[in-house]
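Notes for the one structure printed next.
Computed from the coordinates by the stated procedures, all read-outs in this text should not be read as laboratory data. Just so it is clear, the structure is predicted and the values come from calculations on it, not from any experiment. Note that we place each Cβ from the backbone using ideal geometry, even for glycine, and neighbour counts take in every protein chain shown.
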Amino acid sequence: MGYPNDILSTRAIIKHGNYALIPPTGLVNNVIPGIENCTVSIVASPKLGAGFVQYIATAAPKAGRSSAPFAADEGIEAFIYCLSGCGEVSISERHESLSEGVYAYAPPGMGISFSNTGSEPMRLILYKQRYTPLEGYTPRIIFGNALKM
């Protein structure tokens, strides 16, 4: 794979329905309603052939946040994972600290709220998809830390 020939080219490789390899230089900043003072890039979506939407976000120090719960639509479940930085995450009435390795799952229709309370940028992975019910299982709010397993 060679280098791009012009400023509108990237080294991104997208095989619709199979995979997408998007280097940092190929990420496109998007405006996502309800997410403020954040740089957000869509890295997977149904338009790329995925059955979900995944974002990479960088929340500005003491300012980046969700002004409305992310993925609170009926039938949509959501997940957040903190890559770096620190802040807070809320699902319904539950509030937890957010730092590297911390994740949270929101059952369908609840959505996730977050804010960067630190003095450094906070990097996040945000994920949402339509919930598929499993007989005999009721989804519940989950908080955890992947670095303390």
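Run the reach check for LYS47 against lysines, Cα to Cα strictly under 21 Å, same-chain hits fewer than 8 apart removed. What comes back?
The reachable lysines, counting only those whose Cα sits under 21 Å from LYS47, are LYS15, LYS128.
Report the FRET efficiency, 1/(1 + (r/R0)^6), for THR25 and GLU120, where r is their Cβ-Cβ distance and R0 is 22 Å, rounded to 0.05.
Result of the calculation: an efficiency of 0.45.
Hey, what do the phi angles of the stretch 39-54 turn into as Karplus ³J(HN,Hα) couplings, whole Hz, using 6.51/-1.76/1.60 and θ = phi - 60°, x for Gly and Pro?
9, 10, 10, 7, 10, 8, 6, x, 5, 9, x, 8, x, 8, 10, 10
Could you grab the relative contact order for the stretch 28-148? Cα pairs under 8 Å, six or more apart, rounded to a whole percent. List each step's numbers first, then the result.
Numbers: 328 pairs, mean separation 34.5, N = 121.
Computed over the stretch 28-148, the figure is 28 percent.
Which aspartates and glutamates does LYS148 reach when only Cα atoms under 14 Å apart count, and residues fewer than 8 places away in its own chain are ignored?
Straight-line reach from LYS148, under 14 Å: GLU100.
Just how far, in whole angstrom, is the stretch 49-70 from the stretch 116-146 if you go by their alpha carbon centroids?
11 Å
Treat every Asp and Glu Cβ in the stretch 28-148 as -1 and every Lys and Arg Cβ as +1, leave all other atoms uncharged, and give the resulting dipole magnitude about the Cα centre to the nearest 20 debye.
My answer is approximately 200 debye.
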